[in-house]
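The values are calculated or read from the model by the stated rules, or taken from the named source; none is laboratory data. Since this is a predicted model, take the numbers as computed values, not measurements. Cβ atoms come from the backbone with ideal geometry, glycine included; neighbour counts cover every protein chain shown. With ligands, DNA and RNA removed, areas are computed over all heavy atoms of the protein, side chains included. Shrake-Rupley method; radii C 1.70, N 1.55, O 1.52, S 1.80 Å.
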Amino acid sequence: MEAQVPTLAIVGHPNAGKSSVVATLTENDRIAIDKRAGTTTRSDEYPVEIDGKAVMRFVDTPGFQNPTDILEWFQQHADEIDLPRAFLNAHTDDRLYSHDCALMRPLADGAGIILVVDGSKRIKEKDRTEMELLRLTGRPRMAILNNLTSNAKHMAAWQDALNKSFNSVREFNAHRATYAERIALLNALKTIDQRWEPMLHETVRAFERDWQRRIDHSVDSILDLLRKALTFKVVKIVKVNELGSDRERESIRQRLNESLQDGLRTLETEAQTEIRTHFKHHVWNVAPDSLLVKDLFSDEVERHLGLNRHQTVLASAAAGAATGGAIDLGVGGLSFGAGTLIGAGVGGVLGVLGTSQLAKLDIQRTLGVERFTLGPVSNPRFPFVLLDRSILYCARAMNWAHGRQAADESAPNRVPDQAPKKQRGFTEALDGEDHKVLAKFFAAARKGKHSPQEQRVREILGSILHDLSTDKIDSRASL
Ligand SMILES: Nc1nc2c(ncn2[C@@H]2O[C@H](COP(=O)(O)OP(=O)(O)O)[C@@H](O)[C@H]2O)c(=O)[nH]1
Ligand SMILES: [Mg+2]
């Protein structure tokens with residue numbers, strides 16, 4: 001074991017939530033969270049790696065087997081300088097103490113202790129025994145109150161009891177903890193042993209740098225998605241003599257529209273997979289009522305995300321003026337003025353993004369063939385909606401605890417995956433200047449051009465994502 005890397009052994013009763021805490025702290029959603037009590041008999045090491053280098057290590061232990069015996073042994077050998085090492089030496093080959101030795105080994109090697117308790121249960125004598133023997137190890141130690149239910153009746157008693165034997169006591173819910181809470185916990189670990197402070201300081205900084213990098217990568221993924229989506233089009237070439245009636249043209253138009261939508265859905269899914277990977281999620285479940293599982297072109301998504309009418313008109317006008325061309329608010333090949341489109345679109349069954357208003361159909365006839373082109377998307381709200389949904393996806397990926405199981409519906413949802421009610425989407429909360437910057441960026445992207453606004457767009461998105469992963473999440477999540 002590298003001496004420089006802070007190592008923490010996670011101890012506590014079976015089912016206290018030890019494995020869940022390790023999964024959340026190491027962002028490892030593959031750690032098997034075993035519902036059956038006492039099935040873990042070994043100590044498993046889970047390093048936290050940044051740039052391929054372990055910056056800290058957690059050891060998931062089976063918990064104590066014979067706490068009363070150990071306490072007695074500790075008390076009888078009070079003159080030993082290193083009780084964990086001495087206990088281990090005395091019991092290595094003793095099968096009765098195999099779990100206890102698995103737990104004691106990392107402590108003997110210098111690991112600190114995180115005791116996980118289920119704060120919803122009453123404190124028992126066995127708990128007091130364990131607290132006392134952990135105190136006697138002399139190792140730096142923190143206690144985590146992981147309240148498995150909403151029963152807060154015993155929390156104060158736990159706080160009192162734990163405060164007597166631990167250098168730090170913190171509430172931490174393995175199923176709910178956000179990035180900000182993980183960082184807060186790591187910062188608190190600094191205080192349990194002053195000698196760890198410089199190391200943990202570096203670890204926390206590495207975490208923060210890594211987080212910033214993930215935000216940057218997510219911004220890349222989103223901008224990439226927007227560029228691809230805004231240039232995406234579908235084409236169908238048909239021989240004129242195979243084209244009979246107008247009904248046939250209409251059915252071609254409909255099929256093209258489906259292909260356009262499917263293509264855009266696929267692009268969105270690809271970007272989401274990237275974002276999920278940035279935040280190390282392999283297990284991914286979203287509540288059925290989340291806006292994230294609704295179809296991209298559904299009325300609900302349209303209603304809750306993107307800019308409002310007024311903002312759309314202003315932003316599009318600014319972008320149109322800047323690029324020197326008229327804004328294309330095309331509706332199925334016809335041109336309406338901005339007011340007409342918005343007025344007709346909102347509240348309609350299909351919404352603004354619905355079938356007819358997404359993109360313009362272009363039909364060109366040459367050499368006996370008709371070339372039908374649908375796209376790229378000309379609807380001015382679409383990129384704002386797509387952007388909002390990408391941000392929503394990031395919010396979920398950034399704040400979903402890795403130790404949380406999909407089945408746990410009891411943990412209050414702190415991730416704003418239902419649209420904020422008071423505002424439509426994240427972009428709507430931005431000011432008019434930022435709307436214009438975005439609209440100009442979208443206008444350039446539609447033409448496949450680099451936009452001078454790109455740097456500013458990156459800053460805007462970076463700051464939204466940053467805010468979503470720090471303390472500001474709570475105000476949104478309560479909605
Ligand atoms: N509701 C809720 N359940 C939790 C939480 N942490 C753990 N659990 C559940 O409690 C059970 C035991 O958790 P686990 O991490 O395996 O505990 P261990 O035996 O101490 O490793 C599992 O079913 C977990 O899903 C939590 O914060 N909230
Ligand atoms: Mg376990």
Practice problem: Among the candidates Val116, Val22, Val59, single out the residue that is of a type in the set (A, V, I, L, M, F, W, C), within 14 Å of ligand 2 (Cβ to nearest atom) and part of a helix (DSSP H, G or I). | Solution: Val22
Quiz item: Which of (1) over 30 Å from Leu430 (Cα atoms); (2) away from ligand 1 (no atom under 16 Å from the Cβ); (3) surrounded by fewer than 24 Cβ atoms within 10 Å (Cβ to Cβ) is the odd one out, the single condition Lys360 does not satisfy?
Solution: (1)
Exercise. Would you check which residues across segment 368-380 are within 18 Å of Arg249 (Cα to Cα) and outside any strand (DSSP E or B) and list them?
Key: Gly368
Practice problem: Could you list, in sequence order, all residues of segment 89-99 that are more than 36 Å from the chain's Cα centre (by Cα) and either surrounded by fewer than 21 Cβ atoms within 10 Å (Cβ to Cβ) or of a type in the set (D, E, K, R) (or both)? | Solution: Asn89, Ala90, His91, Thr92, Asp93, Asp94, Arg95, Leu96, Ser98
Quiz item: Hey, does segment 384-407 have a residue that's farther than 30 Å from Ala315 by Cα, without any contact (Cβ under 8 Å) to a residue 24 or more places away in the chain and within 16 Å of ligand 1 (Cβ to nearest atom)?
Solution: yes
Exercise. Looking only at segment 365-388, decide whether some residue is more than 21 Å from the chain's Cα centre (by Cα) and modelled with pLDDT under 50.
Key: no
Exercise. Specify which of the listed residues (Leu225, Leu189, Leu256, Leu243) is under 30 Å from Glu454 (Cβ atoms) and touching a residue at least 60 places away in the same chain (Cβ under 8 Å).
Key: Leu225
Exercise. Assess whether Asn15 counts as being within 26 Å of Val169 (Cβ to Cβ), open to solvent by 60 Å² or more (accessible area, probe 1.4 Å) and either within 16 Å of ligand 2 (Cβ to nearest atom) or outside the structural domain of Gly138 (by TED's automatic domain parsing) (or both).
Key: yes
Quiz prompt | Glu202 being at pLDDT below 95, out of contact with any Gly (no Cβ under 7 Å at 6 or more places or on another chain) and over 24 Å from Leu107 (Cα atoms) | solution = no
Quiz item: Looking at segment 242-257, is at least one residue more than 30 Å from Ala445 (Cβ to Cβ) and basic (Lys, Arg)?
Solution: yes
Quiz item: Only one of (1) open to solvent by 70 Å² or more (accessible area, probe 1.4 Å); (2) more than 27 Å from Asn379 (Cα to Cα) fails for Val293. Which number is that?
Solution: (2)
Practice problem: Tell me which of these Ala161 doesn't satisfy, since it passes every other one: (1) touching a strand residue (DSSP E or B) at 6+ places or on another chain (Cβ under 8 Å); (2) away from ligand 2 (no atom under 16 Å from the Cβ). | Solution: (1)
Quiz item: open to solvent by 20 Å² or more (accessible area, probe 1.4 Å), away from ligand 1 (no atom under 13 Å from the Cβ) and at pLDDT below 85 - does that describe any residue in segment 62-74?
Solution: no
Quiz item: Is it the case that segment 1-12 has a residue that's away from ligand 2 (no atom under 11 Å from the Cβ), under 22 Å from Ser98 (Cα atoms) and at pLDDT below 80?
Solution: yes
Exercise. Kindly indicate whether Phe232 is in contact with a Pro (Cβ under 7 Å, 6 or more places away or on another chain) and open to solvent by 10 Å² or more (accessible area, probe 1.4 Å).
Key: yes
Quiz item: With (1) in a loop (DSSP other than H, G, I, E, B); (2) open to solvent by 40 Å² or more (accessible area, probe 1.4 Å) as the list, and Arg85 as the residue in question, which single condition is left unmet?
Solution: (1)
Quiz prompt | Matching residues in segment 143-191 - criterion: being under 13 Å from Leu115 (Cα atoms), open to solvent by 70 Å² or more (accessible area, probe 1.4 Å) and not in a helix (DSSP H, G or I) | solution = Asn167, Arg170, Glu171
